[in-house]
1. I'm told V78 meets every condition in (1) under 17 Å from the mean Cα position of the chain (by Cα); (2) part of a loop (DSSP other than H, G, I, E, B) except one. Can you identify the failing condition by its number?
2. Spot the failing condition for L247; the list is (1) in contact (Cβ under 8 Å) with a residue 40 or more places away in the chain; (2) over 21 Å from H162 (Cα atoms); (3) surrounded by 13 or more Cβ atoms within 10 Å (Cβ to Cβ), and only one is missed.
3. Are any residues in region 81-100 within 16 Å of L47 (Cβ to Cβ) and either aliphatic (A, V, I, L, M) or in contact with a Leu (Cβ under 9 Å, 6 or more places away or on another chain) (or both), and if so, which ones?
4. On the basis of being part of a loop (DSSP other than H, G, I, E, B), free of Cβ contacts under 8 Å to residues at least 40 places away in the same chain and not aromatic (F, W, Y), does E69 make the cut?
5. Within region 34-58, how many residues are in contact with an Asp or Glu (Cβ under 7 Å, 6 or more places away or on another chain), surrounded by fewer than 24 Cβ atoms within 10 Å (Cβ to Cβ) and part of a loop (DSSP other than H, G, I, E, B)?
6. Which helices (runs of 4 or more DSSP H) does region 162-276 wholly contain that include 1 or more residues that are over 27 Å from R117 (Cβ atoms) and among the aromatic types (F, W, Y)?
7. Going by the structure shown, is A121 assigned to a loop (DSSP other than H, G, I, E, B) and surrounded by 18 or more Cβ atoms within 10 Å (Cβ to Cβ)?
8. Would you check if there is a residue in region 249-264 being in contact with a strand residue (DSSP E or B) (Cβ under 7 Å, 6 or more places away or on another chain) and more than 16 Å from T35 (Cβ to Cβ)?
Amino acid sequence: MKSPTFPITDDHIHLDPLNGRGIAAAKDFLHAGGTHLFLVSKPSWSLSVHPDCGADYARVFDETLRVAELVSATGIVVFPVLGVHPAEISRLAERMPLPRAAEVMQEGLDCAARYVREGRAVALKSGRPHYEVTTEVLAASNIVLAHALTLAHDCRCALQVHAETGPCSDIIGMAQTAGVPVERVVKHYGSPDTPLHPSLIAKHEAIPAMAREHRVFTMESDYMDENSRPGAVIGPKSVPRFTKKLLDAGLIDEDACHRIHAETIERVYGVTISLA
C-alpha cells in the first residue's frame, strides 16, 4: 500500500466487531487511503445495553474505547467520540416516565464527559430525534441537548449533534447560552445551509463548490457497521474514495484536501492531524 500524501479523515464512523465487520471495515478505510477517523459510540441497544441509569452507559463507552485500541493497531489514528444517541429517549420512555428518561440520558452524558476530561475521548455526541415526535418528547430532548452543550463548554470540547435534516438554526442560541463556540458544534449528516459546523456525507454534491468557495466543512461516512444493514449509510472506504475521485477529476485540489481533512479538523476538535 502506497503511503498517503495528505491526511484523509472520516468525521463520523461506527465500527462494531460484535455486530458488523469491525476491524475488516477499518482496514478497508486504511487501504483506500484513510488515515484518521472519529469513532462514535453506538446506541446502547445495538450493544445489548438497556440503561436504567447514566452509569450503565459506561459499558457502551468502554466497548467504544476497546474498539478504538484495535483500530489504532492497524495504523489508523482514532479519535473517540462518546455520547447518548438522541433516539434513546424513545426507547427509554417505553420503560420509564419521560422526565426520568431525559434524566438518564443526561446522566449518561455526564459519564461521557468524564471520559473526555480524562483524555480518553475527544468530543461528545448528543442531539434530538431526527424523526417526528410529540411536543413533550421534543422539549425533553432539547433539555438533554442543552445539557450536552453545557458539558461541552465545561470540557472545552466539540459536540457532534445528531438531529433532524435542515439547518437546525435554533441550536445557535442554545450553544451561545452554554458558552460553546458555534464552530465547535458539529452538525452530523449536515447540509450546506446549517450555521453550525457541517459534517457532510462524503458523496454530497455540494462538496466541490463549497471547497472552491473555501467554506468550512468536514466529511463523514456515517458507516453503521451492522451486518443487518451492510454499507449503511455509505461504506467505510467512502471518505477516501470520494476525496480521491474529486481530486482526480480536478473538482478539488490538494489545498482543499488539507483544509477539509486536517486544518478544519484541528480547529474544530483541538486535535493534531499529522502523517508523522
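Where a number appears in this text, it was derived from the coordinates with a stated rule and is not lab data. Model, not experiment: these values are computed from the prediction. Cβ placement follows ideal geometry from the backbone for every residue including glycine, while neighbour counts extend to all protein chains displayed.
1. Among (1) under 17 Å from the mean Cα position of the chain (by Cα); (2) part of a loop (DSSP other than H, G, I, E, B), V78 violates only (2).
2. With respect to (1) in contact (Cβ under 8 Å) with a residue 40 or more places away in the chain; (2) over 21 Å from H162 (Cα atoms); (3) surrounded by 13 or more Cβ atoms within 10 Å (Cβ to Cβ), L247 is out only on (1).
3. Result: V81, L82, G83, V84, A87, L92.
4. no
5. The qualifying residues number 4.
6. Passing ranges, in order: 238-248.
7. Judged against the criteria, A121 is a match.
8. Within region 249-264, none of the residues are in contact with a strand residue (DSSP E or B) (Cβ under 7 Å, 6 or more places away or on another chain) and more than 16 Å from T35 (Cβ to Cβ).
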